[in-house]
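Enquirer: I'd like to ask you about the structure that follows.
The values are calculated or read from the model by the stated rules, or taken from the named source; none is laboratory data. Quick caveat, the model's predicted, so the values are computed rather than measured. Please note: Cβ atoms are built from the backbone with ideal geometry, for glycine as well, and neighbour counts cover all protein chains shown.
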Amino acid sequence: MHPLISYFAAQDSPGIYLGFGAFQIQLGNLIVILVMILLFVLALFLPFPSGKKRP
Amino acid sequence: MSIREERKTEPVEEYYTWTGKARGWLLKHLPADKLLPQDQPSYVASWIYVFGMGAIVSLVFIVVSGVVLSLNGPAWYHVSDFGHFVNSVHLWSVELFFMTMVVHLWGKYWMAAWRGGRTLTWITGMGAFLVSIVAAFTGYLLQTNFDSQWIAFEGKDALNASGIGAWFNVANLGQIFGFHIVLLPLAVGAVVALHVILVRMHGVVPPIDAAETDAQLSGTDRTEATR
Amino acid sequence: MSAPTMSRSDRDGLARRPWRGTVREYDLFKELTVALVVVGLVIVGLSAIVGSPDEPSVTLKSWAQAQPADFVATATAELGGTSETAGYGPPYNTTADATQTIGAFDLQSFSGVQLPIDTAQDLVITPLTTLNAPPSAALDAWNAGSDTEKADWTAAYTDALTNAPDGDPAQVATGDYGPVPVLTDALLTMASQGALDGVLNAQESFYNSDYTRTILFLGDGAYFGDLATAAHLTGDQWGMMNETGNTPGQSWLWLFSFWYQIEPFASAPNADLLVVLLMLVLSVLLTLVPFIPGLRDIPRWIPIHRLIWRDYYKKRAAGRS
């Protein structure tokens, strides 16, 4: 396992928390939310392959 | 051809039992070509349309991994490497289920996909989202580890304040087990099935402000097939 | 009928009718198969690489061994009826004015006491009577004591523990604590030997699947909450969303969790009730968006649909020109 991945995935790791004041977010949750936004934006902008034309 | 003549040439089957009437209703509203279509309107051309299927497929993986976990009991994954892997599959399929479902929800909102008699489709979709949240919560309580202990302790307050903590007791593993492996999966499955059937019955919502004069409807669009 | 003069219901009429325009080939089963493969690979990959956390559970035994002083202080509070559980109200007991209410609106009392817990009897006295050599003299003294005596003994012992170095029961100043020190010390021994977990969970029966009493007892102490705080799991740390370590948790609870971080909820004694009701209202609003003017019109005002259906709108313009 890549050392960076194993660090993030370590079961006994205390976790990485980002934010300021009352706003705190765990790194894993932040990644999930960012990936969702990325998927949404990609779905909007990526060209969709044109389907097969039926005769 | 008048209606009377049409009746003569195409005899309509008479439905006189509950069963027959139900069949007639289903055949009328959900004919086989709507249930299992071979084509879709030409405007169904965006990656945003794949996330509903992504959620359904994630649900398949949730159910399969969940069945394996339940066959072995809640303590299995603590002691078996394979069990721990199946537990990971269960967790990640849930994460993907929610991710795809939420992107699907965003997409449908911005398409105002409830238009044209599709209100119930939207409502059942929201129902699937909300019931899934409860189902996932009970799953977190079944981890039988430190996380589930704490969630049981912390989660009880909101439920007790709502007056349902006595019947939905988060510290009662037996009760939560029943909710998580029987009642809530049935509820999620039923709502999702209804949602998908409604989608097939009503078809994919046309673009906002689509009009009969548009190239795709007036026959001037030569780039796609016409029905 | 020309497009600009069309009323809204006419446009919905088009959405209501089966599509009569151009179509493209679509293979439902092929999409299903491709999705199964793609999503399956992602899930198996993440499961193999990241896995899932499994932080070992804590027990009354591990608590008693790790922090005996906290355990004894908590047991004293259970005896004296001053613990969080003892003062909780329904569904555990009838403590007055303990419920979360909005004015006269009191859902918590609705269920009544469905899961009765007498903290002194159920968490301390009864478990001690199951020992091979129960502290009989102390148990008799406790049972013979009046309510006032019991309250005085436990209050005095609680104060003495607070003043003792590190809350150490062995360094408590002498005083009139009645049988309390003997009882709590016997319970500490019982817990650190692992016997209390079994007795509390089983409740004199062979089978058990209900951990209410043990969870509540654990939660009344400081040890359990400190562990949760260290793992960022408590309510004021957005903990509702969090899983232990870096594994993503229930991120879909972000809004539920958010309200607990801000005023007026953060310091409200009835925060749970307020947040539950607020989330209920918001969920109903989102479910009923198709009926709510304004909310249902935002997709028209912010035309993200122009991106989704850009091919359609492009061809439409070309067809008109």
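Enquirer: Out of everything in segment C:173-187 that is surrounded by fewer than 20 Cβ atoms within 10 Å (Cβ to Cβ) and of a type in the set (A, V, I, L, M, F, W, C), what residue ends up being modelled with the lowest pLDDT?
Expert: It comes out as C:173.
Enquirer: Considering only segment B:34-41, I want to know if a residue exists there that is under 25 Å from residue C:49 (Cβ atoms), more than 18 Å from the chain's Cα centre (by Cα) and polar (S, T, N, Q). Outline the logic, then answer.
Expert: Initially, segment B:34-41 is screened for residues under 25 Å from residue C:49 (Cβ atoms), giving none.
Scanning segment B:34-41, I find no residue that is under 25 Å from residue C:49 (Cβ atoms), more than 18 Å from the chain's Cα centre (by Cα) and polar (S, T, N, Q), so the answer is no.
Enquirer: Additional query: Restricting attention to segment B:46-56, does a residue exist that is at the interface with another protein chain (Cβ under 9 Å from one of its Cβ atoms) and assigned to a loop (DSSP other than H, G, I, E, B)?
Expert: yes
Enquirer: A follow-up question, please. Could you check residue B:120 against (1) in a helix (DSSP H, G or I); (2) surrounded by 19 or more Cβ atoms within 10 Å (Cβ to Cβ) and say which number it fails?
Expert: (2)
Enquirer: Is there a residue in segment B:133-141 that is facing chain C (nearest Cβ under 7 Å), assigned to a helix (DSSP H, G or I) and touching a residue at least 24 places away in the same chain (Cβ under 8 Å)?
Expert: yes
Enquirer: May I ask you to list the residues in segment B:115-125 that are within 7 Å of chain C (Cβ to nearest Cβ) and in contact (Cβ under 8 Å) with a residue 12 or more places away in the chain? Give the steps one after another, and end with the answer.
Expert: Of the residues in segment B:115-125, the ones within 7 Å of chain C (Cβ to nearest Cβ) are B:115-117, B:119, B:122-123.
Correct list: B:115, B:116, B:117, B:122.
Enquirer: For segment A:21-52: of the residues being under 22 Å from residue B:94 (Cβ atoms) and of a type in the set (Gly, Ala, Ser), which is nearest to the chain's Cα centre (by Cα)?
Expert: So in segment A:21-52, the residues under 22 Å from residue B:94 (Cβ atoms) come out as A:25-40, A:43.
Right, trim to of a type in the set (Gly, Ala, Ser) and you get A:28, A:43.
Numbers: A:28: 8, A:43: 15 Å.
The extreme case among them is A:28.
Enquirer: So, one more: List the number of the failed condition for residue C:116; all other conditions in (1) surrounded by 23 or more Cβ atoms within 10 Å (Cβ to Cβ); (2) touching a Pro at 6+ places or on another chain (Cβ under 9 Å) hold.
Expert: Among (1) surrounded by 23 or more Cβ atoms within 10 Å (Cβ to Cβ); (2) touching a Pro at 6+ places or on another chain (Cβ under 9 Å), the lone unmet condition for residue C:116 is (1).
Enquirer: Would you mention how many residues in segment B:167-176 are within 7 Å of another protein chain (Cβ to nearest Cβ) and among the hydrophobic types (A, V, I, L, M, F, W, C)? Give the derivation first.
Expert: Going through segment B:167-176, the residues within 7 Å of another protein chain (Cβ to nearest Cβ) turn out to be B:169, B:171-174.
In the following step, the residues that additionally are among the hydrophobic types (A, V, I, L, M, F, W, C) were identified as B:171, B:173.
Counting residues in segment B:167-176 that are within 7 Å of another protein chain (Cβ to nearest Cβ) and among the hydrophobic types (A, V, I, L, M, F, W, C) gives 2.
Table: residues versus (1) over 17 Å from the mean Cα position of the chain (by Cα); (2) facing chain B (nearest Cβ under 7 Å).
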| site | (1), (2) |
| --- | --- |
| C:230 | no, no |
| C:237 | no, no |
| C:245 | yes, no |
| C:262 | yes, no |
| C:267 | yes, no |
| C:272 | no, yes |
| C:286 | yes, yes |
| C:300 | yes, yes |
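So that you can scan it fast, the table gives a plain yes or no per residue for (1) buried (at least 24 other Cβ atoms within 10 Å of the Cβ); (2) hydrophobic (A, V, I, L, M, F, W, C); (3) within 18 Å of the chain's Cα centre (by Cα):
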| residue | (1), (2), (3) |
| --- | --- |
| B:76 | no, yes, no |
| B:85 | no, yes, no |
| B:105 | no, yes, yes |
| B:130 | no, yes, yes |
| B:136 | no, yes, yes |
| B:150 | yes, yes, no |
